[in-house]
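Report on the following structure.
The values are calculated or read from the model by the stated rules, or taken from the named source; none is laboratory data. This is a predicted model, so every value here is computed, not measured. Here Cβ is always computed from backbone atoms with ideal geometry, including for glycine, and neighbour counts include all displayed protein chains.
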Amino acid sequence: MKTDLYNTENIKVGSIDLPDALFGVPWRKALVQQVLLAQQANARRPWAHAKGRGEVSGGGKKPWRQKGTGRARHGSIRSPIWRHGGKAHGPTKERDYSQKVNKKMKQAALASVLSRKLKDDQVKIFDTFMVAEPKTKLVSARLRKITGIGPRMKRFDVLIVRDPDNKNITRAARNLVKTKVLDPGSLNVYDLMNHKYVFFEQKAVESMIK
């Protein structure tokens, strides 16, 4: 399929062929939701951890002999029934939240989101986003002109998929609110869904087709 190609002045300068396999597939809500939840789960790291009896300090010696004292037998003062003892059945940092999603499912979900955003006019292809210097104000001015956001607005809500050789754009856009730059190989469902607009550089699209 063909779509318009723009420059950074937001003026149409030509057209570009987009692969149907990436931009012309139907919307698959259940698949996108599954891949998105899996990606969020795989990024989750357990933070709650309670020390067991083998992790708390002390307790190397038997508090008193087994028999003859009249008291209950104990092997360690770090037993869970003792004050300052280990926690029984507490949360541990070894918990695994990860979910397995195969490569074909990820690619299909990615294509589904890209196709939906293109259909909703939320995808634009630009000839280049090259900047002479990695200056935030240069990228900010370009994005304001493209999106029509006023000078008081700080939130752009844009994902830029860059030419792999265009490294200045990553540094230049780093401090902009709700703006992220990815190279084509790092494109993922979460970032696509987390930003309203997706701007591609022409060479980024070409590298995805190969």
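Listed values, structure above:
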read-out	value
Filter pass, R152 being part of a loop (DSSP other than H, G, I, E, B) and among the basic types (K, R)	yes
Residues of region 136-149 that turn out to be over 15 Å from R162 (Cα atoms), in contact with a helix residue (DSSP H, G or I) (Cβ under 9 Å, 6 or more places away or on another chain) and touching a residue at least 24 places away in the same chain (Cβ under 8 Å), as a count	3
Out of R44, R53, R95, R73, sole residue that is over 30 Å from E201 (Cβ atoms) and surrounded by 15 or more Cβ atoms within 10 Å (Cβ to Cβ)	R53
Criterion violated by E133 - all others in (1) in contact (Cβ under 8 Å) with a residue 12 or more places away in the chain; (2) within 22 Å of the chain's Cα centre (by Cα); (3) exposed (fewer than 13 other Cβ atoms within 10 Å of the Cβ) satisfied	(2)
Any pair with Cβ under 6 angstrom, 6 or more apart, that starts in region 94-112 at a residue that is under 21 Å from L192 (Cβ atoms) and ends at one that is at pLDDT 95 or above and part of a loop (DSSP other than H, G, I, E, B)	A111/V25; S112/V25; S112/W27; S112/R28
Matching residues in region 157-208 - criterion: being β-branched (V, I, T) and assigned to a strand (DSSP E or B)	V158, I160, V161, V177, T179, V181, V198
Any hit, region 27-39, residues being farther than 30 Å from K119 by Cβ and touching a residue at least 12 places away in the same chain (Cβ under 8 Å)	no
Filter result (surrounded by 13 or more Cβ atoms within 10 Å (Cβ to Cβ) and either farther than 12 Å from S98 by Cβ or of a type in the set (V, I, T) (or both)) within region 30-41	L31, V32, Q33, Q34, V35, L36
Residue satisfying condition, being crowded, with 16+ Cβ neighbours inside 10 Å, acidic (D, E) and farther than 28 Å from A41 by Cβ, within set D183, D163	D163
